[in-house]
Amino acid sequence: MNSTKDMLHAKLRQLECHFTWELNYTDIKDLQIRLKNETELASEEDKNIGWSYGNLAFTKYKQGLLEEARDDLVMAEEHIRKQHGDNCEKQLIVTYGNFAWVYYHKGEHEKSQTYLDKLEGIKKKFPTESPSALHPETYGEKGNAFMKFFHQYNEKAKECFEKAVELEPEEIEWNKSYAVALYRTESNLTSFEESPASRQLRRVLELDPNNAYIMVLLGLKHADYEEHQKAEELMERAMKSDSDKPYVIQYVAKFYRTIGKVEESIVLLKRALEMTPDSALLHHQLALSYGWKTANNEETEDLSGLRIQHLEQAISLKPSFVMAMLDLADIYLKKTKNKKAQQMFKKAIKAADDSNEYQEKAYLKYAHFQFYQKKSVHKAVVYYKKGLQLQKETTEWNVCARRLEKIANDKISRNPIDGEAFGILGYVNQMRGDTCQAIERYEKAILYDRGNEEYLTALCDLRLSLQ
């Protein structure tokens with residue numbers, strides 16, 4: 001019996017579906033809310049509603065809700081058949097794979113094998129160019145899952161959609177999803193024309209001229225390069241084309257806020273919240289808009305209360321929402337509620353560490369708090385150093401480096417034989433990759449602080465790296 005089960009499990013491991021894509025997420029509650037909103041707000045023409053139910057089914061499985069997972073997969077299959085009719089077999093590959101896994105975990109191995117047999121039939125009917133190649137429909141659903149579960153998977157999503165476009169260059173859905181993935185992964189470039197995301201977004205509008213979502217993303221691209229008139233024209237077109245999608249409204253509201261139309265931004269966000277009141281992102285965006293409203297005016301208690309209310313709601317809906325926590329901590333600081341601010345900063349750091357997201361922002365803000373409010377140079381140094389252990393050349397990384405150098409140089413100006421100060425400078429040089437300068441600084445640190453294990457270890461590692 002066990003050998004049969006093991007053989008079945010081995011076959012399942014070969015499938016392309018959510019259970020084999022190593023999907024992780026930091027906040028299942030927020031993800032389920034977003035997926036649920038997608039299914040409820042989708043139109044009858046939405047071809048990807050089946051993907052939403054597939055993603056939702058996997059989150060249910062991860063919670064041990066196998067019956068609910070199976071029910072969501074039933075809904076996924078129903079929508080796929082409704083959208084694609086008799087030619088839906090390739091669209092069902094991932095769904096059938098998920099069915100096979102759910103029935104396996106339910107202990108219903110015969111049903112699991114039935115879905116494996118169905119998949120084998122589809123594979124024979126629609127062979128791919130090579131055993132490792134996937135159908136474009138599978139690349140598409142795989143890319144969608146990567147984008148939904150964790151933004152750090154966006155590069156993987158981009159690769160999936162790029163392959164789907166290569167296989168079916170005229171398919172609107174693959175082109176649209178590829179454009180979104182490019183938009184999410186692209187770093188700032190020197191010009192709009194240089195941007196691959198901009199080119200792909202325009203390509204989608206050639207294929208689908210009324211796509212409001214793509215219009216707003218293209219508008220935000222124009223805004224990135226200070227082309228605000230073109231951006232605003234696209235935002236207005238998007239709202240005329242489809243003003244009932246919360247994700248379209250939130251992007252338009254974000255743009256209006258950045259160009260100073262704060263009241264318009266607030267009106268739009270309130271409208272979007274009426275449609276999806278449990279959206280953590282919209283609560284956060286509304287809090288930001290209220291914050292901009294106070295930027296040029298004295299903040300009233302009412303506005304301050306609204307900002308706190310929406311940030312607390314965002315964090316309640318999404319307990320891993322690092323940026324909302326940092327924004328709330330900043331408000332507490334301005335209201336001189338330092339104890340509450342410190343609690344919120346610590347909560348943000350834990351969430352950032354747990355999710356591996358926004359750590360550099362959390363460390364930097366908490367280091368500032370320790371230095372300026374708590375007057376604790378030692379703890380500030382600890383968190384500025386943590387910020388340097390992350391990705392180089394970000395704004396936060398450079399600020400941490402400069403702050404450490406300033407602290408160290410101030411200490412040396414007061415005490416030229418301060419070993420800790422030279423140790424700090426050595427650490428900054430080490431993180432910058434300036435090995436020779438780091439060695440020189442650590443040698444001085446040990447000279448003035450003999451026997452310091454931290455400096456000795458760092459010096460030893462640096463000298464070995466030169467051999």
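The values are calculated or read from the model by the stated rules, or taken from the named source; none is laboratory data. The structure presented is a predicted model; accordingly, all values stated were derived computationally and were not measured. Glycine gets a Cβ as well: all are built from the backbone with ideal geometry, and neighbour counts include every protein chain shown. Note: accessible area is taken over every heavy atom of the protein model, side chains too, but ligands, DNA and RNA are not part of it. Shrake-Rupley method; radii C 1.70, N 1.55, O 1.52, S 1.80 Å.
Residue by residue through segment 163-182, note down the ones that are over 20 Å from the mean Cα position of the chain (by Cα) and either surrounded by fewer than 22 Cβ atoms within 10 Å (Cβ to Cβ) or among the aliphatic types (A, V, I, L, M) (or both).
First, pick out the residues of segment 163-182 that are over 20 Å from the mean Cα position of the chain (by Cα): 163-175.
Those that are over 20 Å from the mean Cα position of the chain (by Cα) and either surrounded by fewer than 22 Cβ atoms within 10 Å (Cβ to Cβ) or among the aliphatic types (A, V, I, L, M) (or both): LYS163, ALA164, VAL165, GLU166, LEU167, GLU168, PRO169, GLU170, GLU171, ILE172, GLU173.
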Scan segment 93-115 for residues that are open to solvent by 20 Å² or more (accessible area, probe 1.4 Å), under 29 Å from ASP27 (Cα atoms) and not aromatic (Phe, Trp, Tyr) and jot them down.
ILE93, HIS105, LYS106, GLY107
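For segment 144-152, does any single residue satisfy the condition of being in a loop (DSSP other than H, G, I, E, B), open to solvent by less than 70 Å² (accessible area, probe 1.4 Å) and of a type in the set (D, E, K, R)? Even if it seems obvious, please write down each step before you answer.
Restricting attention to segment 144-152, the residues satisfying the condition of being in a loop (DSSP other than H, G, I, E, B) are 150.
In the following step, the residues that additionally are open to solvent by less than 70 Å² (accessible area, probe 1.4 Å) were identified as 150.
After this cut, where a residue has to be of a type in the set (D, E, K, R) as well, the list is none.
No, there is no match, as no residue in segment 144-152 is in a loop (DSSP other than H, G, I, E, B), open to solvent by less than 70 Å² (accessible area, probe 1.4 Å) and of a type in the set (D, E, K, R).
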With criteria (1) at negative phi; (2) in contact with a helix residue (DSSP H, G or I) (Cβ under 6 Å, 6 or more places away or on another chain), ASP353 comes up short on (2)
Note down all Cβ pairs under 6 Å where the first residue falls in segment 303-317 and is closer than 15 Å to LEU273 by Cβ and modelled with pLDDT of 95 or more, the second is open to solvent by 30 Å² or more (accessible area, probe 1.4 Å) and in a helix (DSSP H, G or I), and they're at least six residues apart or on different chains.
LEU311/ASP327
Which pairs have Cβ atoms under 6 Å, sit 6 or more apart or on different chains, and link a residue in segment 284-295 that is of a type in the set (Val, Ile, Thr) to one that is part of a helix (DSSP H, G or I)?
THR294/LEU303
Do we find a residue being modelled with pLDDT under 95 and either under 18 Å from LEU333 (Cα atoms) or among the basic types (Lys, Arg) (or both) anywhere in segment 408-419?
no
So how many residues does segment 236-267 have that are small (Gly, Ala, Ser), assigned to a helix (DSSP H, G or I) and surrounded by fewer than 21 Cβ atoms within 10 Å (Cβ to Cβ)?
1
Applying the selection to segment 412-432, what residues are of a type outside the set (A, V, I, L, M) and either touching a residue at least 12 places away in the same chain (Cβ under 8 Å) or touching a Ser or Thr at 6+ places or on another chain (Cβ under 8 Å) (or both)?
ASP418, GLY419, GLU420, PHE422, GLY423, GLY426, TYR427, ASN429, GLN430, ARG432
Please go through segment 233-274 and give me each residue that is hydrophobic (A, V, I, L, M, F, W, C) and more than 23 Å from the chain's Cα centre (by Cα), ordered by number.
LEU234, MET235, ALA238, MET239, ILE259, VAL262, ILE266, VAL267, LEU268
May I ask you to list the residues in segment 32-57 that are among the polar types (S, T, N, Q) and under 22 Å from the mean Cα position of the chain (by Cα)?
GLN32, ASN37, THR39, ASN48, SER52, ASN55
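Being part of a helix (DSSP H, G or I), open to solvent by 50 Å² or more (accessible area, probe 1.4 Å) and within 23 Å of GLU360 (Cβ to Cβ) narrows it down to one residue among LYS444, LYS406; which is it? Spell out the reasoning first.
Values: LYS444 fails: within 23 Å of GLU360 (Cβ to Cβ).
Unique residue meeting the criteria: LYS406.
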Quick count over segment 435-452, residues being at pLDDT 95 or above and acidic (Asp, Glu), is 2
Scan segment 183-226 for residues that are closer than 21 Å to ALA164 by Cβ, open to solvent by 20 Å² or more (accessible area, probe 1.4 Å) and in a helix (DSSP H, G or I) and jot them down.
TYR183, ARG184, THR185, PRO196, ARG199, GLN200, ARG202, ARG203, LEU205, GLU206, LEU207, TYR213
Whether any residue in segment 122-129 is free of Cβ contacts under 8 Å to residues at least 12 places away in the same chain, within 27 Å of LEU8 (Cα to Cα) and assigned to a helix (DSSP H, G or I) is what I want to check.
yes
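Given the residues GLN437, GLN391, GLN467, which is the only one that is within 20 Å of ALA380 (Cα to Cα), among the polar types (S, T, N, Q) and either under 32 Å from the mean Cα position of the chain (by Cα) or surrounded by fewer than 20 Cβ atoms within 10 Å (Cβ to Cβ) (or both)? Talk me through it step by step, then tell me what you get.
On the way: GLN437 fails: within 20 Å of ALA380 (Cα to Cα); GLN467 fails: within 20 Å of ALA380 (Cα to Cα).
Unique residue meeting the criteria: GLN391.
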